[in-house]
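Student: This is the structure I have questions about; it appears just below.
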Amino acid sequence: MFRLSTLVFFVFCFFRLSAQQDKTYAEKLGWPRNAKVVIMHVDDAGMSYASNQGAIQSIEKGIATSCSIMMPTPWAASFAKYVVEHPSIDAGLHLTLTSEWDNYRWGPLCGKKAVPGLTDMEGALWQSVEEVVAHASPEEIDAEIRAQLDRALALGLKPTHLDSHMGTLFASEDYLKKYIQLGIEKKIPVMFPGGNNKMLAAPIIEKLKAAGKWKEGMVLPKPFDQKKAAEVGKMIWNAGLPVLDDLCTNSGDWRPENAVDGSVEWGKYKTQHFIQLFRDMQPGLIMVIVHSTDITDSFSHISASGGSRNADMMSMMDPDLKAFVQKEGIILTTWKEVMERRQKIK
């Protein structure tokens, strides 16, 4: 179940498709004007042992440069301690407000009594973003994301950034304000696409094209604020934090015909998609999200997405992808480097 497509929908319910800028945020951070600067990011660390191994292998043996941890999940402490022991790992927090699987559940770190609007009848976090929005107040959201940060700090982890599991924090303007406020207050970068956003828009446009409903220049579904993305991005930048030019979340949709879990072919299929993605992306600071998992029999009892996640991991370690990145001059970076560059700018 890949729900990060939810992020695409909700971002564009509130924010602009293409914020026009004289300079990309990458250029503002000191990279060359036409540079494609990429944070290759592994989501869902901490969710399971297999997820942890997928993130580790993608970073240590592949081109992935960053990851984020789901602090309420069973294997979060293990991964956080690994990062503390390996400080070169760029690790942030995948702020988690949903528990999407049927038989593998987790609850809020605040506890049900403190944030009743965040919990379902089982005492776990809601399974869908829509249910969170229907029940949870912004104050409960704020309490829980702060509790997740507190747990990370208690484990000795200094998060390099904050982002949002399943895009829940982008589902409501009030939630988004709490997310951005926390980052500004704690001086921790927040994932926010405030630039051209062409890759982020692409999945919506492709679906409209497939349905025969797309016309060049059309406005995407309402409610839609044509200037908000640029304005929010500028506000975050002026508060001293970096901003993304674009975001890609759709590798979970890349599935060849007759895909077989654990097959080399699936990994190669994703490699070719990543190569095309790098060719097509506009210059700027771009975050590309994957969900690398070291496939195991036990993961199949969590989710049917193990094959796709394992293919993400294989593509990250694919020599062909590494060679293409080097040949084309794609600049791979981390949230840590991005923040260091931002701090040098007055």
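Student: Would you calculate a helix-derived [θ] at 222 nm for the chain, using -39,500 (n - 2.57) for each DSSP H run of n ≥ 4 and dividing by the full residue count, to the nearest 500?
Tutor: Here the helix-only value at 222 nm equals -12500 deg cm²/dmol.
Student: How large is ³J(HN,Hα), in whole Hz, for each residue of region 66-83 in order, when computed from phi with the Karplus curve 6.51 cos²θ - 1.76 cosθ + 1.60 and θ = phi - 60°, using x for Gly and Pro?
Tutor: 8, 7, 9, 10, 8, 5, x, 8, x, 9, 5, 4, 4, 5, 4, 5, 4, 5
Student: Farthest toward the dipole's positive end in the chain, which of A50, A259, S68, given Cβ charges of +1 (Lys, Arg) and -1 (Asp, Glu) about the Cα centre?
Tutor: Positive-most Cα among the choices belongs to S68.
Student: Then there's this: Could you tell me which trypsin sites (Lys or Arg not before Pro) in region 70-140 are loop residues by DSSP with no more than 11 other beta carbons within 10 angstrom of their beta carbon?
Tutor: K113
Student: Order of W335, W75 from fewest to most other C-beta atoms within 10 Å?
Tutor: Exposure proxy ranking, most exposed first: W75, W335.
Student: Now a separate question. Just want the ordering: V190, V42, V84, from fewest to most Cβ atoms lying within 10 Å of their own Cβ.
Tutor: Working: V190 25, V42 30, V84 14.
The most exposed by this proxy come first: V84, V190, V42.
Student: If I build a Gaussian network model for the chain, linking alpha-carbon pairs within less than 10 angstrom, which residue out of L247, L93, L321 has the largest mean-square fluctuation?
Tutor: Evaluated over the chain, the most mobile residue of the options is L321.
Student: Figure the gain on full extension for K112 and K61 (residue separation times 0.36 nm, minus the Cα-Cα span) and round it to one decimal in nm.
Tutor: Taking K112 through K61 to full extension adds about 14.4 nm, to one decimal.
Student: Next question. Ranked by Cβ crowding within 10 angstrom, fewest neighbours first, how are M166, M47 ordered?
Tutor: M166, M47
Student: Express in nm, to one decimal, how much length is gained between M235 and S128 on full extension, taking 0.36 nm for each residue of separation and deducting their alpha carbon distance. Please report the intermediate quantities before stating the final value.
Tutor: Numbers: separation 107, 0.36 × 107 = 38.52 nm, distance 2.94 nm.
So the extension gain works out to 35.6 nm.
Student: While we're on this one: S300 to K346: FRET efficiency via 1/(1 + (r/R0)^6), r the Cβ-Cβ distance, R0 35 Å, to the nearest 0.05? Each step should come with its number before you reach the end.
Tutor: Values: r = 52 Å, r/R0 = 1.49.
The calculated FRET efficiency here is 0.10.
Student: For region 29-64 and region 176-194, what is the separation of their C-alpha centers, rounded to whole Å?
Tutor: 20 Å
Student: Work out the length of the dipole vector of the chain about its Cα centre, built from +1 on the beta-carbon of each Lys and Arg and -1 on the beta-carbon of each Asp and Glu, and round it to the nearest 20 debye.
Tutor: With only Lys, Arg, Asp and Glu charged at Cβ, the dipole is about 1200 debye.
Student: State, to one decimal in nm, how far the label point of M121 lies from the label point of S88, with both points 7 Å from Cα in the Cβ direction.
Tutor: With each label point 7 Å from Cα toward Cβ, the separation is 5.1 nm.
Every number in this text was worked out from the coordinates using simple rules, so none of it is lab data. Everything quoted here is computed from the prediction, not taken from an experiment. A quick note on method: Cβ atoms are made from the backbone with ideal geometry, for glycine too, and the neighbour counts reach across all protein chains shown.
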